[in-house]
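The values are calculated or read from the model by the stated rules, or taken from the named source; none is laboratory data. Computed from a predicted model, the values in this text were never measured in an experiment. Don't worry about glycine lacking a Cβ; one is built from the backbone with ideal geometry, like all the others, and counts go over all protein chains shown. These area figures cover heavy atoms from the full protein model, side chains too; ligands, DNA and RNA do not enter into them. Shrake-Rupley method; radii C 1.70, N 1.55, O 1.52, S 1.80 Å.
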Amino acid sequence: MEIKKLTDSLVRKYRTRDPFEIIRGMNVILVFAPLIDTRAFYQYFQRNNIIYIDNSLSRHEQAFECAHEMGHMLMHKKMNTIFMDTRTGFNTDRLENEADTFAMNLLIGDDVLVEYEGYTIGEVSRFLGYERRLVELRLK
């Protein structure tokens, strides 16, 4: 399924772009904890979807990480990207880019893009508080 269609269908179904509200509606277990060497990760364990987020991040960063991990949950459910990245030679860049694209499509609606039409990518990045690379993914 195309990422934008997937995020648009979630927004329609749950009537929000807030990833915390969406995962609550999906019965996903959300754990805030101090994490070392990672900001967040997704785990599928005993038929439960679990998203772990570093509790030291700002709320804005936590929302992005939640949306990113939700992307992994919906698009890469059976893949252990942390294991693949740290223990194998498998390149996970494509999976991470897909999860980033999912997060940005979920968090930034078309209405927001229209509002910032005419601004540079750098300006939009600063206004919205996301890295330039992430805003570029959203605009593709």
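Only strands (runs of 3 or more DSSP E) wholly contained in the range 7-81 count here; list those with 2 or more residues that are touching a residue at least 24 places away in the same chain (Cβ under 8 Å) and either open to solvent by 20 Å² or more (accessible area, probe 1.4 Å) or among the small types (Gly, Ala, Ser) (or both). Before you say what the answer is, go through the steps one by one.
Working: elements: 29-33, 40-45, 48-54.
Answer list for the range 7-81: 29-33, 40-45.
Determine which member of the set 115, 65 is more than 14 Å from residue 17 (Cα to Cα), modelled with pLDDT of 95 or more and of a type in the set (Asp, Glu). Give the derivation first.
Working: 65 fails: more than 14 Å from residue 17 (Cα to Cα).
Of the residues listed, the single one that is more than 14 Å from residue 17 (Cα to Cα), modelled with pLDDT of 95 or more and of a type in the set (Asp, Glu) is 115.
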